[in-house]
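The numbers here are math on the coordinates, done by the rules we state, and not lab data. Just so you know, these numbers come straight off a predicted model, no measurement behind them. Ideal geometry is used to build each Cβ from the backbone, glycine not excepted, and the neighbour counts take in all protein chains shown.
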Amino acid sequence: MSRIAVVGLGNMGGPMAANLVAAGHTVTGYDPVPAARETAARAGVDVAGSSPEAVTGAEVVITMLPSGKHVTDVYAELLPAAPAGALFVDCSTIDVGSSRAAHAAAAAAGHRSVDAPVSGGVVGAEAGTLTFMAGGAPEAITDAEPVLAVLGKRTVRCGDPGAGQVAKMCNNMVLGASMIAVSEAFVLAEKLGLEPQALFDVVSTSSGQCWAVSTNCPVPGPVPGSPANRDFTGGFAAQLMLKDLRLAQDAAAEAGIELAMGRRATERYTEFTERDDRVQDFSAIVTDIRKGG
Ligand code: NAD
């Protein structure tokens, strides 16, 4: 069993830390939000008084933070405080530049590092069924795998430092655009008198099949577990989808390419989150399309 620090005990990091405790690891953690610390403590996490204190003695340091700036700032505090040769695993979804900077800072401080953003959301974090997209030195990813295996069902080796973030950003750009396309199809079908179940039966078994229809269907009924059946609560928040779409647009601009679908999806989610409840599942964009938005 390992000594593992988890820094960032929010919606994702909290249940991930709890699963590591349940698997028998010694887990220390920190989050500036008292409620997050209390929930983690109830799950058996040894809550420290600060981030540097949490990583003292840790063999593995997992970070699950909101943005690239959070990660680089927190790394500046953690790297000098962790034991030599510690393995840093950043599971946050962040921009590729910050991720590569975090890897470089970890190497300069004598640590190993992996970027391992996740797919699967809060439900996957709680159930221990996340998918990790890993970037970094192959040996570092190998060392991270036993810990990631507690938290998820699959780790995909994506390549060099930052490659996990590239894969995550590209995946979520596909997801954002496909959710809009699927939602437009359901709204058009409604307007033309086609039952949602009939459209689902066709698309989910035909060439339009994708996760946005077969798992996260934006209308209630065809997929009983999709957030549309519970007023779009408990899913992947529209504001997080927008964050990921913006990361892809920023990366495209830096690479000097225009991604028209990704840009339009970013605009649609910007409009939607300005008008509506930002924490609703991103499939709630169907309600905006229905209103003619
Ligand atoms: P969250 O806001 O619930 O958790 C982030 C936590 O980081 C917060 O509790 C915050 O207090 C803490 N934090 C901020 N600054 C800190 C610091 N200096 N030291 C320690 N902790 C600090 O967000 P989340 O939903 O848990 O998401 C975390 C990351 O996972 C994000 O990058 C997000 O994009 C990604 N992600 C989220 C989901 C999801 O469904 N929620 C899915 C996939 C990926």
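Working ranking of peptides 196-205, 153-162 by packing, defined as the average number of other Cβ atoms within 10 Å per residue, highest first, is 153-162, 196-205. Shown here for segment 245-280: GluC sites (Glu not before Pro) in loop regions (DSSP other than H, G, I, E, B) with at most 14 other Cβ atoms within 10 Å, namely E258. When only the Cβ of Lys, Arg, Asp and Glu is charged (+1, +1, -1, -1), the dipole of the chain relative to its Cα centre reaches about 220 debye.
Each part reduced to its alpha carbon centroid, segment 161-235 and segment 1-31 end up 32 Å apart. Take every Cα pair under 8 Å whose residues are at least 6 apart in sequence, average their separation, divide by the length of the chain, and the relative contact order is 13 percent. Taking a point 7 Å from the Cα of T56 along the Cα-to-Cβ direction, the residues of segment 83-118 with backbone N closer than 18 Å to it are 83-86.
Treating the beta-carbon of each Lys and Arg as +1 and of each Asp and Glu as -1, no other charges, what is the dipole magnitude of segment 104-208 about its Cα centre, to the nearest 20 debye? It would help to have the intermediate numbers written out before the result.
Working: 6 positive and 10 negative charges, 33 e Å.
For segment 104-208, the charge dipole is close to 160 debye.
Taken about its Cα centre, segment 34-107 carries a charge dipole of about 120 debye when Lys and Arg each add +1 at the Cβ and Asp and Glu each add -1 at the Cβ.
Computed over segment 1-109, the quotient of the alpha carbon radius of gyration and 2.2 N^0.38 Å is 0.97.
Shown is the FRET efficiency for R275 and V123, computed with R0 = 30 Å from the Cβ-Cβ distance and rounded to the nearest 0.05: 0.70. Rounded to the nearest 10 degrees, the angle from helix 138-151 to the longest Cα principal axis of the chain is 70 degrees. Which Cα, out of T266, T215, A248, lies furthest along the positive dipole direction of segment 211-283 (beta carbon charges, K/R +1, D/E -1)? My answer, from the dipole projection, is T215. Cross-link partners of K168 among lysines, defined as those whose alpha carbon lies under 21 angstrom from its own and excluding same-chain residues fewer than eight positions apart: K69, K153, K243. Dividing the convex hull volume of the alpha carbon atoms of segment 143-293 by its residue count gives 136 Å³ per residue. Does anything in segment 191-233 have its amide N under 12 Å from the 7 Å Cα→Cβ label point of V174, and if so which residues? The answer is 210-212, whose backbone nitrogens lie closer than 12 Å to the label point.
Compute the Cα gyration tensor for segment 127-171, then decide on rounded, prolate or oblate, letting a ≥ b ≥ c be the square roots of its eigenvalues: rounded whenever a/c is under 1.5, prolate when a/b is larger than b/c in the other cases, and oblate in all that remain. Oblate.
How tilted is helix 96-108 with respect to the longest principal axis of the chain? Cα atoms for both, answer in degrees (0 to 90, nearest 10). Roughly 10 degrees between the two axes. Classify the chain as rounded, prolate or oblate from the Cα gyration tensor: take a ≥ b ≥ c as the square roots of its eigenvalues, call it rounded if a/c is under 1.5, otherwise prolate when a/b beats b/c and oblate if not. Prolate. Under 17 Å of direct C-alpha separation, and excluding same-chain neighbours fewer than eight residues apart, K291 reaches these lysines: K191. Work out, in µm²/s and without decimals, the Stokes-Einstein translational diffusion coefficient of segment 45-182 at 4 °C, 1.567 mPa s, Rh from Kirkwood over C-alpha pairs. It diffuses with D of about 86 µm²/s by this estimate. Taking the DSSP bridge list for the chain and keeping only pairs wholly inside it, about 15 percent are antiparallel. Sort segment 111-186 into rounded, prolate or oblate with this rule: let a ≥ b ≥ c be the square roots of the eigenvalues of the Cα gyration tensor; rounded if a/c is under 1.5, and if a/c is not under 1.5, prolate when a/b is larger than b/c, oblate otherwise. Judged from the Cα gyration tensor, segment 111-186 comes out oblate (a/c at least 1.5, b/c at or above a/b).
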